[in-house]
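Below: one structure, written as structure tokens.
The values are calculated or read from the model by the stated rules, or taken from the named source; none is laboratory data. Keep in mind that what you see is a predicted model, and the values were worked out from it rather than measured. We place every Cβ from the backbone using ideal geometry, glycine too, and count neighbours over all the protein chains shown. For accessibility, only protein heavy atoms count, side chains too; no ligands or nucleic acids. Shrake-Rupley method; radii C 1.70, N 1.55, O 1.52, S 1.80 Å.
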Amino acid sequence: MSEVMVEVRGVHKSFGPLEVLRGVDLQVRTGEVTVVLGPSGSGKSTLLRTINHLEKVNRGWISIDGELIGYRRSGNRLYELKERDVLRQRTHIGFVFQDFNLFPHLTVAENLIEAPVAALRRPRKEALASAARLLERVGLADKAGAYPRQLSGGQQQRVAIARALALEPKVLLFDEPTSALDPELVGEVLDVIKDLARTGTTMIVVTHEIGFAREVADRVVFMDGGVVVEQGPPAAVLDAPRHERTRAFLSKVL
Ligand code: ADP
Ligand code: MG
């Protein structure tokens, strides 16, 4: 494995006339947790979506574990990978959404084995055994046969995390994983993410939970207006921000 798991260089992304990412540079080292902070509309979700190849970049490049994802450069030209290669590369990246995005008509266990069986052609029995281990890990061993609607939001999000882990991703991306939860359910989801951090899972977490960032992040990245305004260890960015925009944001969320 490369020492750098995710590298984002000079990434620009526009939607029509709206330039949402205006030259983003980011480096995530293997085994580290990066927390991305920033006001609404600053481009955080778009950044995660470009890393997962749900959005194509207009300029710049992204690599995962040393492999350019989705784009090949040749001089100034960008070549897109074939859809098949994009899908293969995407299986290396886990994505956890704000609103869980579980398949409502499938049980918890079926949610977990869907991608391993369909995308990786794992035998169903083997996939079920590994699903059981993952559910144990997120504290939901007894919920394998339940449907998402029978679970609390916190439980659904823990299932979504287990489902993302089922593909044994090289990196896990979280887009505000606790923003849709009632306050009393936030802790159980953050505890699962903390446990993953302890075992060296490479993660990028977009969140407004500053306490979590302080405790778990190896690096904190502050975005505003489609650029990374500042980044560094949590103590530096959160306690001694160098930029006025970072100070203004932190004074609102702390
Ligand atoms: P954040 O996650 O930091 O709140 P987003 O990345 O979701 O920010 O959005 C940044 C800006 O891009 C917003 O102004 C949003 O409306 C716009 N945007 C995001 N996705 C699209 C899209 N698919 N089409 C048009 N505009 C979009
Ligand atoms: Mg967002």
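How about the stretch 199-251: which of its residues are open to solvent by less than 10 Å² (accessible area, probe 1.4 Å), in contact with an Asp or Glu (Cβ under 8 Å, 6 or more places away or on another chain) and not hydrophobic (A, V, I, L, M, F, W, C)?
Thr202, Thr207, Gly226, Thr246
Of everything in the stretch 31-67 that's at pLDDT 95 or above and surrounded by fewer than 16 Cβ atoms within 10 Å (Cβ to Cβ), which residue is farthest from ligand 1 (Cβ to nearest atom)?
Gly31
Looking at (1) polar (S, T, N, Q); (2) open to solvent by 70 Å² or more (accessible area, probe 1.4 Å); (3) out of contact with any Pro (no Cβ under 9 Å at 6 or more places or on another chain), which one does Gln98 not meet, given that it meets all the others?
(3)
Out of curiosity, is Ala118 away from ligand 2 (no atom under 16 Å from the Cβ), under 11 Å from Ala166 (Cα atoms) and over 20 Å from the mean Cα position of the chain (by Cα)? Please lay out each step first, then the result.
Numbers: away from ligand 2 (no atom under 16 Å from the Cβ): yes; under 11 Å from Ala166 (Cα atoms): no; over 20 Å from the mean Cα position of the chain (by Cα): yes.
So Ala118 does not fit the description; no.
So which residues in the stretch 31-65 are within 13 Å of ligand 2 (Cβ to nearest atom) and not hydroxyl-bearing (Ser, Thr, Tyr), if there are any at all?
The answer is Val36, Leu37, Gly38, Pro39, Gly41, Gly43, Lys44, Leu47, Leu48, Arg49, Leu54, Glu55.
Any idea how many residues of the stretch 6-30 are open to solvent by 70 Å² or more (accessible area, probe 1.4 Å) and either within 15 Å of Val229 (Cβ to Cβ) or within 16 Å of ligand 2 (Cβ to nearest atom) (or both)?
Of the residues in the stretch 6-30, 3 are open to solvent by 70 Å² or more (accessible area, probe 1.4 Å) and either within 15 Å of Val229 (Cβ to Cβ) or within 16 Å of ligand 2 (Cβ to nearest atom) (or both).
Residue by residue through the stretch 158-188, note down the ones that are hydrophobic (A, V, I, L, M, F, W, C), without any contact (Cβ under 8 Å) to a residue 60 or more places away in the chain and open to solvent by 10 Å² or more (accessible area, probe 1.4 Å). Let's see the steps before the verdict.
If we filter the stretch 158-188 for residues that are hydrophobic (A, V, I, L, M, F, W, C), which is where we start, we get 159-162, 164-167, 171-174, 180-181, 185-186.
Those still in the list that are without any contact (Cβ under 8 Å) to a residue 60 or more places away in the chain too: 159, 162, 166, 181, 185-186.
Leu181, Leu185, Val186, listed by residue number.
How many of the residues making up the stretch 101-146 are over 17 Å from Gln157 (Cα atoms) and open to solvent by less than 20 Å² (accessible area, probe 1.4 Å)?
Within the stretch 101-146, residues that are over 17 Å from Gln157 (Cα atoms) and open to solvent by less than 20 Å² (accessible area, probe 1.4 Å) number 2.
Where in the stretch 4-54 are there strands (runs of 3 or more DSSP E), lying fully within it, with 3 or more residues that are over 24 Å from Val253 (Cβ atoms)? Lay out the reasoning, then the answer.
Numbers: elements: 4-15, 18-29, 33-37.
So the answer is 4-15, 18-29.
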